[in-house]
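Notes to accompany the following structure.
The values are calculated or read from the model by the stated rules, or taken from the named source; none is laboratory data. Every value quoted in this text rests on a predicted model; they were computed, and no experiment measured them. In this analysis, Cβ positions are derived from the backbone assuming ideal geometry, glycine residues included, and neighbour counts consider all displayed protein chains.
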(Lines give C-alpha, C1' and ligand atoms only; values in the text may rest on other atoms or scores of the structure.)
Protein backbone atom coordinates (compact mmCIF):
# COMPACT_ATOMS: atom_id res chain seq x y z
CA UNK A 1 0.00 0.00 0.00
CA UNK A 2 1.34 3.46 -0.88
CA UNK A 3 1.79 6.11 1.75
CA UNK A 4 -1.28 8.26 2.05
CA UNK A 5 -1.11 12.01 2.53
CA UNK A 6 -1.72 13.27 6.04
CA UNK A 7 -4.38 15.68 4.79
CA UNK A 8 -6.97 15.60 2.03
CA UNK A 9 -8.52 18.75 0.57
CA UNK A 10 -11.96 18.29 -0.98
CA UNK A 11 -12.22 21.16 -3.41
CA UNK A 12 -15.23 23.43 -3.16
CA UNK A 13 -16.18 26.44 -5.23
CA UNK A 14 -14.45 28.94 -2.94
CA UNK A 15 -11.93 26.71 -1.20
CA UNK A 16 -12.00 23.26 0.37
CA UNK A 17 -13.08 21.05 3.19
CA UNK A 18 -9.95 19.76 4.95
CA UNK A 19 -9.71 16.19 6.23
CA UNK A 20 -7.10 14.39 8.30
CA UNK A 21 -6.38 11.00 6.71
CA UNK A 22 -5.77 7.99 8.93
CA UNK A 23 -5.47 4.22 8.67
CA UNK A 24 -4.71 3.77 12.34
CA UNK A 25 -7.55 1.38 13.06
CA UNK A 26 -7.89 -2.38 13.37
CA UNK A 27 -9.17 -2.89 9.84
CA UNK A 28 -6.58 -0.51 8.29
CA UNK A 29 -9.44 1.25 6.52
CA UNK A 30 -8.92 4.77 5.35
CA UNK A 31 -10.69 7.19 7.64
CA UNK A 32 -11.09 10.86 6.82
CA UNK A 33 -12.01 13.20 9.64
CA UNK A 34 -13.07 16.71 8.66
CA UNK A 35 -10.98 19.25 10.54
CA UNK A 36 -11.67 22.57 8.80
CA UNK A 37 -13.28 24.50 5.98
CA UNK A 38 -11.14 26.90 3.97
CA UNK A 39 -12.26 29.91 1.94
CA UNK A 40 -9.58 30.68 -0.64
CA UNK A 41 -11.04 34.10 -1.57
CA UNK A 42 -10.94 35.70 1.87
CA UNK A 43 -8.35 33.43 3.52
CA UNK A 44 -10.79 32.32 6.22
CA UNK A 45 -9.97 29.00 7.92
CA UNK A 46 -12.83 27.69 10.05
CA UNK A 47 -12.16 24.66 12.27
CA UNK A 48 -14.81 21.96 11.99
CA UNK A 49 -17.00 21.56 15.07
CA UNK A 50 -14.98 21.60 18.29
CA UNK A 51 -11.71 20.74 16.58
CA UNK A 52 -8.75 22.96 17.48
CA UNK A 53 -6.26 23.19 14.64
CA UNK A 54 -2.69 22.26 15.49
CA UNK A 55 0.31 24.18 14.16
CA UNK A 56 1.02 21.29 11.77
CA UNK A 57 -2.55 21.43 10.44
CA UNK A 58 -2.46 25.23 10.09
CA UNK A 59 0.86 25.03 8.22
CA UNK A 60 -0.47 22.34 5.88
CA UNK A 61 -3.59 24.40 5.18
CA UNK A 62 -1.54 27.56 4.56
CA UNK A 63 0.74 25.68 2.12
CA UNK A 64 -2.28 24.22 0.32
CA UNK A 65 -3.91 27.66 0.05
CA UNK A 66 -0.74 29.13 -1.45
CA UNK A 67 -0.42 26.27 -3.95
CA UNK A 68 -4.13 26.43 -4.80
CA UNK A 69 -4.03 30.17 -5.44
CA UNK A 70 -1.02 29.71 -7.73
CA UNK A 71 -2.77 26.88 -9.61
CA UNK A 72 -5.94 28.95 -10.05
CA UNK A 73 -3.92 31.94 -11.25
CA UNK A 74 -2.13 29.74 -13.79
CA UNK A 75 -5.46 28.34 -14.98
CA UNK A 76 -6.76 31.87 -15.48
CA UNK A 77 -3.75 32.71 -17.64
CA UNK A 78 -4.13 29.46 -19.60
CA UNK A 79 -7.79 30.33 -20.22
CA UNK A 80 -6.79 33.78 -21.50
CA UNK A 81 -4.20 32.30 -23.86
CA UNK A 82 -6.87 29.92 -25.16
CA UNK A 83 -9.21 32.89 -25.60
CA UNK A 84 -6.60 34.61 -27.76
CA UNK A 85 -6.40 31.45 -29.87
CA UNK A 86 -10.21 31.34 -30.12
CA UNK A 87 -10.33 34.97 -31.21
CA UNK A 88 -7.84 34.23 -33.96
CA UNK A 89 -9.79 31.14 -35.02
CA UNK A 90 -13.01 33.18 -34.94
CA UNK A 91 -11.46 35.82 -37.22
CA UNK A 92 -10.41 33.11 -39.65
CA UNK A 93 -13.88 31.52 -39.50
CA UNK A 94 -15.60 34.89 -40.09
CA UNK A 95 -13.35 35.66 -43.02
CA UNK A 96 -13.30 32.29 -44.73
CA UNK A 97 -16.17 30.00 -43.76
CA UNK A 98 -18.99 31.84 -42.01
CA UNK A 99 -22.34 32.12 -43.73
CA UNK A 100 -24.22 35.40 -43.70
CA UNK A 101 -26.78 33.84 -41.36
CA UNK A 102 -24.12 32.66 -38.91
CA UNK A 103 -22.45 36.08 -38.94
CA UNK A 104 -25.79 37.76 -38.37
CA UNK A 105 -26.33 35.52 -35.34
CA UNK A 106 -23.06 36.37 -33.59
CA UNK A 107 -21.75 39.71 -34.89
CA UNK A 108 -23.48 42.09 -32.45
CA UNK A 109 -22.64 39.99 -29.39
CA UNK A 110 -19.02 39.56 -30.50
CA UNK A 111 -18.64 43.28 -31.22
CA UNK A 112 -20.06 44.22 -27.80
CA UNK A 113 -17.84 41.72 -25.97
CA UNK A 114 -14.77 42.87 -27.90
CA UNK A 115 -15.62 46.54 -27.27
CA UNK A 116 -16.03 45.86 -23.54
CA UNK A 117 -12.74 43.95 -23.41
CA UNK A 118 -10.92 46.65 -25.38
CA UNK A 119 -12.23 49.37 -23.06
CA UNK A 120 -11.02 47.50 -19.98
CA UNK A 121 -7.63 46.66 -21.49
CA UNK A 122 -6.99 50.25 -22.65
CA UNK A 123 -7.93 51.65 -19.22
CA UNK A 124 -5.72 49.12 -17.41
CA UNK A 125 -2.81 49.80 -19.80
CA UNK A 126 -3.15 53.55 -19.16
CA UNK A 127 -3.15 52.90 -15.39
CA UNK A 128 0.02 50.82 -15.68
CA UNK A 129 1.71 53.52 -17.74
CA UNK A 130 1.03 56.06 -14.99
CA UNK A 131 -2.03 57.74 -16.40
CA UNK A 132 -5.07 58.34 -14.24
CA UNK A 133 -7.29 56.34 -16.58
CA UNK A 134 -9.68 59.27 -17.07
Point to revise | Segments classed as strands (runs of 3 or more DSSP E), wholly inside the stretch 1-99, with at least 3 members that are at pLDDT 95 or above and within 30 Å of residue 111 (Cβ to Cβ) | key: none
Practice item. Scan the stretch 47-66 and report the pairs whose first residue is in the same structural domain as residue 13 (by TED's automatic domain parsing) and free of Cβ contacts under 8 Å to residues at least 40 places away in the same chain and whose second residue is surrounded by 13 or more Cβ atoms within 10 Å (Cβ to Cβ) and part of a helix (DSSP H, G or I), with Cβ atoms within less than 6 Å and a gap of 6+ or a chain change. Key: none
**Study point:** Subset of the stretch 14-43 [closer than 20 Å to residue 62 by Cβ, out of contact with any strand residue (DSSP E or B) (no Cβ under 7 Å at 6 or more places or on another chain) and either surrounded by fewer than 10 Cβ atoms within 10 Å (Cβ to Cβ) or in contact (Cβ under 8 Å) with a residue 24 or more places away in the chain (or both)]
**Key:** 41, 42
